[in-house]
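Enquirer: Can you keep this structure in mind? I'll have questions shortly.
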Amino acid sequence: NSASLNPTAAVTLEIWFYITSFSSVNNLLFDNSLAGTTFSYYVDIITENGTASFRWFSVIGGTGRNITSTTTKCPVRSWNQFMATYDGTQILLFLNGSQLANSITGISGALGTNTGQLRIGRSATGAVSASLNGFIYRPKIYSVGCNLAEHQDRYYRDITSASLQAATVLDLAMTEGSGSTIADISGNNNTATLGTSTTWNSANTPFKARSASSGRQATSGRLLVT
């Protein structure tokens with residue numbers, strides 16, 4: 001962990017993920033906690049009664065601000081792009097080009113910080129039972145908030161707004177393809193270390209040659225075919 005991964009004024013989390021099967025209850029996306037106590041940001045997918053919904057936990061201005069279940073459920077065995085943000089006045093969740101109905105508005109204050117390790121795809125305690133089963137691609141963290149238009153640009157067109165680009169504090173591009181670490185190309189040197197039972201995979205990716213026109217998606221959500 002580092003100070004750059006603990007922004008207090010605002011934060012946006014971004015990740016592509018593909019779930020092959022759900023764990024018993026918790027399926028972690030981001031866990032910036034310490035010994036199970038979350039003051040900063042925590043996002044997972046919780047399975048209840050055969051469905052899976054997104055959750056957000058944080059402490060803002062000294063008060064717990066939590067989204068414990070979302071109306072929108074998590075798709076399985078397909079690539080999804082998820083973003084979660086606290087922009088200084090509200091907490092919003094985005095999935096595959098849409099804003100989820102569940103949000104927290106009319107708030108203010110500093111986001112809490114944690115001194116423990118930030119873990120992606122696994123809980124801060126390292127418990128295997130809470131791991132995300134499947135694939136993840138290019139987790140990113142920004143120290144500013146994000147709106148729906150910026151999320152849609154990220155999801156449909158792989159375009160990053162000037163505001164998000166300038167505030168990127170973690171960008172795990174995952175271009176290595178081997179080894180036990182992943183370089184952070186944000187310039188903050190937040191190098192990631194692969195956990196146990198984590199391996200590289202180049203066959204199952206959310207897109208191929210995204211930078212090429214044939215791999216880009218229009219804002220309508222239809223794939224451009226050239």
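Every number here is computed from the coordinates shown, using simple stated rules; none is lab data. Since we're looking at a predicted model, the values are computed, not measured. Every residue, glycine among them, receives a Cβ derived from its backbone with ideal geometry; neighbour counts consider all protein chains shown.
Enquirer: Which residue out of GLY145, GLY179, GLY187, GLY134 is in contact with a strand residue (DSSP E or B) (Cβ under 6 Å, 6 or more places away or on another chain) and part of a loop (DSSP other than H, G, I, E, B)?
Expert: Details: GLY179 fails: in contact with a strand residue (DSSP E or B) (Cβ under 6 Å, 6 or more places away or on another chain); GLY187 fails: in contact with a strand residue (DSSP E or B) (Cβ under 6 Å, 6 or more places away or on another chain); GLY134 fails: part of a loop (DSSP other than H, G, I, E, B).
Matching residue, one of GLY145, GLY179, GLY187, GLY134: GLY145.
Enquirer: Please pick out the residue among ASN96, ASN80, ASN66 that is of a type outside the set (Asp, Glu), out of contact with any Ser or Thr (no Cβ under 8 Å at 6 or more places or on another chain) and free of Cβ contacts under 8 Å to residues at least 60 places away in the same chain.
Expert: ASN96
Enquirer: Quick check on region 1-51: of everything there that is among the aromatic types (Phe, Trp, Tyr) and part of a strand (DSSP E or B), which residue is surrounded by the most Cβ atoms within 10 Å (Cβ to Cβ)?
Expert: TYR41
Enquirer: Please go through region 144-184 and pick out each residue that is more than 22 Å from TRP79 (Cα to Cα), surrounded by 16 or more Cβ atoms within 10 Å (Cβ to Cβ) and out of contact with any Leu (no Cβ under 7 Å at 6 or more places or on another chain).
Expert: Once the filter is applied, which keeps residues that are more than 22 Å from TRP79 (Cα to Cα), surrounded by 16 or more Cβ atoms within 10 Å (Cβ to Cβ) and out of contact with any Leu (no Cβ under 7 Å at 6 or more places or on another chain), region 144-184 yields GLY145, SER161, LEU164, ALA167, THR168, ALA183.
Enquirer: Between SER197, SER163, SER178, which is closer than 22 Å to ILE91 by Cα and of a type in the set (Ser, Thr, Tyr)?
Expert: Exactly one of SER197, SER163, SER178 is closer than 22 Å to ILE91 by Cα and of a type in the set (Ser, Thr, Tyr), namely SER163.
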